Amino acid sequence: MPPPFGHPRSILEILPVELLSEIKSHISHGDLFTLVCFYKTCTRFAQLFGPAETQAQFWESACLLAGLGCLPGEEPDEVDWKDVAFDCIERDGFCENPECGRALLEWNEADKMADTTSLTWAPTWDTFDDWAAMIDSPTWTNQTIQEIAFSNTSSLLDPIDAKEDAYFRQYNDIHDETEEPDKDSKDYLWDHPIACRSFAIFPPTRSMSIMTLVGTKTVKNENGVTVWDEICSIQEVLDTYPGLDDLSDLFRLLEYDLPLVFGEGCSLSEFLSRIRKYRGLLQFFGISEIEMEEWEDHDSGPLLSLGYKPVKRLKPRKRLLHRIRSSENGQRKDEAIQTEA
């Protein structure tokens, strides 16, 4: 039941504005989760953020300090950053995935952007070049990618949009192969704005290169490369066929882990037939990490490599074996028998 007319709805409604302002002053400008919750607590709190013109700049700076950037097609001066901040917290702030939600915001802001912005007096989109030029400064890579899986079917003729391809993996440990989750049960990355908008590397950079098993992929975003940019660049090469040398390098790297993906009755030939594309390979060896190798140059930015780990155990598929048998009249005929490998 609502309180009687004229009565405050909360103790916060009767605190003096000076005290509320003091509380606000102790919230870090990059603590987006607390700022949004603070703002939505009561109208008197919201009034402390000032007029719309002042708020526009405030929320833009808050998102940047929280390690959140622009998605493809966005420009900083055209984005309503207050809407972005509220959308991120309302839709994704309470996500329990350790590489998303409030946990990721805290990692971005407290541990990474705080050190990054200490290099300059104030963070702006124009300072990315300054940060990227400081190649001797500490560098961190966002590890959200290690939680991501991709659909097991697609083709160059009928490609899947990245929004309906990349999703959070349901299992972190190796498990027996099962049917792929249906579309409605997948937890798509695109539905997690905090993870998508988070910068892929700290300090943020406009360009970087990722070494995959099918070549090196360059990723660019003039407003700072994000996790979504990173995922889209990998998704573009998933239907490429890795070469024998590429597979040899991977198997040599995973020499001791390779037997873990062979289920009972699985043959090497069947395994190789299932991993013909990079997409197929990632069904069994998920991305375990992304690490910086070196800074190539100021324009190309950092060069990063992917690590892999076994995530799925191959289950032999049923197939038709043709066995020649003699009939009663001595005629030979083919008999198709469905069997396990």
*Hey, among the residues in the stretch 35-73 that are buried (at least 16 other Cβ atoms within 10 Å of the Cβ) and among the hydroxyl-bearing types (Ser, Thr, Tyr), which one's nearest to the chain's Cα centre (by Cα)?*
61
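Here's the yes/no breakdown for (1) out of contact with any helix residue (DSSP H, G or I) (no Cβ under 6 Å at 6 or more places or on another chain); (2) buried (at least 19 other Cβ atoms within 10 Å of the Cβ):
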{"residue": "197", "(1), (2)": "yes, yes"}
{"residue": "221", "(1), (2)": "no, yes"}
{"residue": "227", "(1), (2)": "no, yes"}
{"residue": "230", "(1), (2)": "yes, yes"}
{"residue": "238", "(1), (2)": "no, yes"}
{"residue": "263", "(1), (2)": "yes, no"}
{"residue": "267", "(1), (2)": "yes, no"}
{"residue": "270", "(1), (2)": "yes, no"}
*Can you tell me which of 144, 127 is surrounded by 15 or more Cβ atoms within 10 Å (Cβ to Cβ), modelled with pLDDT under 85 and touching a helix residue (DSSP H, G or I) at 6+ places or on another chain (Cβ under 9 Å)?*
127
*Residues of the stretch 16-55 satisfying the condition of being assigned to a helix (DSSP H, G or I), modelled with pLDDT under 90 and among the hydrophobic types (A, V, I, L, M, F, W, C)*: 17, 19, 20, 23, 38, 45, 46, 52
*Filtered residue count, the stretch 282-341, keeping only those that are in a strand (DSSP E or B), within 23 Å of residue 141 (Cα to Cα), of a type in the set (D, E, K, R) and modelled with pLDDT of 65 or more*: 5
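Working carefully through the options 32, 48, find the one that is in contact (Cβ under 8 Å) with a residue 40 or more places away in the chain and of a type in the set (A, V, I, L, M).
Working: 48 fails: in contact (Cβ under 8 Å) with a residue 40 or more places away in the chain.
Going through 32, 48 in turn, just one is in contact (Cβ under 8 Å) with a residue 40 or more places away in the chain and of a type in the set (A, V, I, L, M): 32.
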*Using the structure shown, decide if residue 174 is closer than 17 Å to residue 234 by Cα and either at pLDDT below 90 or in contact with a Ser or Thr (Cβ under 7 Å, 6 or more places away or on another chain) (or both).*
no
*Out of all the residues in the stretch 66-88, which are within 22 Å of residue 161 (Cα to Cα) and aliphatic (A, V, I, L, M)?*
71
*Using beta carbons and a limit of 9 Å, which pairs, at least six apart or on different chains, have the first residue in the stretch 181-208 and part of a loop (DSSP other than H, G, I, E, B) and the second one crowded, with 24+ Cβ neighbours inside 10 Å and of a type in the set (Asp, Glu)?*
200/230
*asked:* Can you pull out every residue in the stretch 94-113 that is within 15 Å of residue 148 (Cβ to Cβ) and at pLDDT below 90?
replied: 97, 98, 99
*Keeping to the stretch 237-280, report how many residues are touching a residue at least 60 places away in the same chain (Cβ under 8 Å) and among the charged types (D, E, K, R).*
3
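The values are calculated or read from the model by the stated rules, or taken from the named source; none is laboratory data. Computed from a predicted model, the values in this text were never measured in an experiment. Ideal geometry is used to build each Cβ from the backbone, glycine not excepted, and the neighbour counts take in all protein chains shown.
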